[in-house]
Amino acid sequence: MKLWDRIQRGMEAGFDAAIAAVHTITAKAGEGIELTRLRREKVRTETQITRRLAELGNTIFEKISAERNDEIAEKLGIKDILIEVAQDEAKMVEIDRRLKDALKTTA
């Protein structure tokens, strides 16, 4: 076998190995891209669910609070939570008042 034939055969084998490696890398990168896409979609969906649950909870809270419907709160087992939220809201009002006063004195 001539030297050139051996070199050509070696180059072809190397080229075939390089092509196979590129295909393997591309396939793995494609898998990585798909995994990343799926993870982003999962986080986006979880965020959407959380927002909808928060909106639902807020709507229920406002409805029960506005109507002072203790019976429904008792049935749902959320009366204590409603009281805690009301206390937290009162605390927020007090904090806002104190912040406003503090800003007035520093201005």
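Brief remarks follow.
- Point-charge dipole on Cβ atoms (K/R +1, D/E -1) for the chain, about Cα centre, debye to 20: 660 debye
- Which of Leu38, Gly77, Thr50, positive extreme of dipole for region 36-92 (C-beta unit charges): Leu38
- Accessible area per residue was computed with a 1.4 Å probe on protein heavy atoms; Glu74 scores about 110 Å².
- Angle between the chain longest axis and helix 3-67 axis [Cα atoms, degrees, rounded to 10]: 10 degrees
- For the listed peptides 56-65, 30-39, a ranking on the average number of other beta carbons within 10 Å per residue, highest first, reads 56-65, 30-39.
- Dimensions of the chain from C-alpha coordinates, computed as largest minus smallest value along each principal axis and given longest first, are 96, 49, 16 Å.
- Here the chain exposes an accessible surface that is 61 percent carbon and sulfur, computed with a 1.4 Å probe and the other protein chains kept in place.
The values are calculated or read from the model by the stated rules, or taken from the named source; none is laboratory data. Please read all numbers here as calculations on a predicted model, not as lab measurements. In this analysis, Cβ positions are derived from the backbone assuming ideal geometry, glycine residues included, and neighbour counts consider all displayed protein chains. SASA here: full protein model, heavy atoms, side chains in, ligands and nucleic acids out. Shrake-Rupley method; radii C 1.70, N 1.55, O 1.52, S 1.80 Å.
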